[in-house]
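The values are calculated or read from the model by the stated rules, or taken from the named source; none is laboratory data. Computed from a predicted structure; not experimentally measured. Here the Cβ is made from the backbone with ideal geometry for all residues, glycine too, and neighbour counts use every protein chain on show. The protein model used for the area step is the full one, side chains on, heavy atoms only, and it has no ligands, DNA or RNA in it. Shrake-Rupley method; radii C 1.70, N 1.55, O 1.52, S 1.80 Å.
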Amino acid sequence: MIFVVRLLALLIVAVLLFVFGGLYCLLSPRNPRNCYHISKWFGRLSGLFGISLELRFAEGAPREPGASVCIANHQSNWDMVTLSNALMPGAVTVGKKSLLWIPIFGQLYWLTGNVLIDRANRSKAMGTIAQVTDKIRAKQLSVWLFPEGTRSRGRGLLPFKTGAFHAAIGANVPLIPIVCSSTHHLKANRWNNGHVIVEVMAPISPEGYDKDNVRDLAKHCHQVMKSKLEQLDAEVAERNQGVR
């Protein structure tokens, strides 16, 4: 019953969001600011699913990142209502080109200024990373990437691919880690899903790294984010005691 009520509410909210969000984006198509505003609308849906979401900024973490590469852990479809709260002004995401073919959502994703890449073609994907680097420099964009490359689905923080780190080195901009506590405990048919914490961390400089040791940078960022994920999970587990 809870699931049905939520599903109906979600359908109503989604229609309103896509209609009015699409009209809003049409006023300034492909403007990166669109991505920030639409992501905040998605983020508010966390309350609909009984999630008590806390967004944190660690000491030294930017509120408006400027030219940078944001790297976040990628868990499941819950990211749309959890991690979306942390997307900051001037930031856009990089997603699979196939997203464009999802009715309504794909078109809204494109209108908000996000970057689409063809992951099935390695040469095109690498060319896209070069284009992303140019856009970061030219437009002072903050580009959001998921270095795991796929959803972890409760398996912890998966190994990182190097695309995001090549982009940061190429553009000579900082990496901003963003970590969301584990969400595998969330259920659509439960009123109270307890706490989830999303933390924006202090920037990590790519200085001293190049294409030859880019994997070392990826491993360093992975260690930093894994440690933070473990810390957040421990805190959330304690705060969620008694949640059914």
- Quick shape check on region 101-244: root eigenvalues a ≥ b ≥ c of the Cα gyration tensor, a/c under 1.5 is rounded, otherwise prolate if a/b tops b/c, else oblate, and it reads oblate
- Query: So for region 1-76, taking the charge dipole from beta-carbon charges (+1 Lys/Arg, -1 Asp/Glu), which of F57, L8, L45 sits furthest toward the positive end?
  - Reply: L8
- For region 91-244, what % of the accessible area comes from carbon and sulfur atoms, probe 1.4 Å? 52 percent
- Message: Over the chain, with a Gaussian network built from C-alpha contacts below 10 Å, which listed residue (G106, G21, G50) shows the highest mean-square fluctuation?
- Response: G106
- Message: Just to be sure I understand: with springs between alpha-carbon atoms less than 10 Å apart, which residue in A58, A91, A202 has the highest mean-square fluctuation in the Gaussian network model of the chain?
- Response: A58
- Item | Residues of the chain: accessible area per residue with a 1.4 Å probe, Å² | 51 Å²
- Note on the structure: With +1 at each Lys and Arg Cβ and -1 at each Asp and Glu Cβ, the charge dipole magnitude of region 96-244 around its Cα centre, to the nearest 20 debye, comes out at 640 debye
- Message: Quick check on region 8-89: take the gyration tensor over C-alpha atoms, sort the square-rooted eigenvalues as a ≥ b ≥ c, and tell me if it's rounded (a/c under 1.5), prolate or oblate.
- Response: oblate
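Calculate for the chain the 222 nm mean residue ellipticity that helices alone would give, adding -39,500 (n - 2.57) per DSSP H run of length 4 or more and normalising by residue count, nearest 500 deg cm²/dmol.
My calculation for the chain gives -13000 deg cm²/dmol from helical runs alone.
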- Item | Entries in K135/K211; K161/K226; K96/K135; K139/K161; K139/K211 that, when Cα-Cα distance is taken, lie over 21 Å | K139/K161; K139/K211
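Expressed in nm to one decimal, what extension gain is obtained for the pair I102 and Q131 from 0.36 nm per residue of sequence separation less their Cα-Cα distance?
On the way: separation 29, 0.36 × 29 = 10.44 nm, distance 2.40 nm.
My answer for the length gained is 8.0 nm.
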- Note on the structure: Residues whose built amide H sits under 5 Å from the amide H of I51, excluding neighbours closer than 5 in sequence, are N193
- State which helices in the chain qualify, where a helix is a whole DSSP H run, it must extend 24 Å or more along its own axis by its Cα atoms, and its mean Kyte-Doolittle hydropathy must be at least 0.0. 2-26
- Task: Compare D212, D233, D79 in a GNM of the chain, Cα atoms joined below 10 Å, and give the one with the largest fluctuation.
- Result: D212
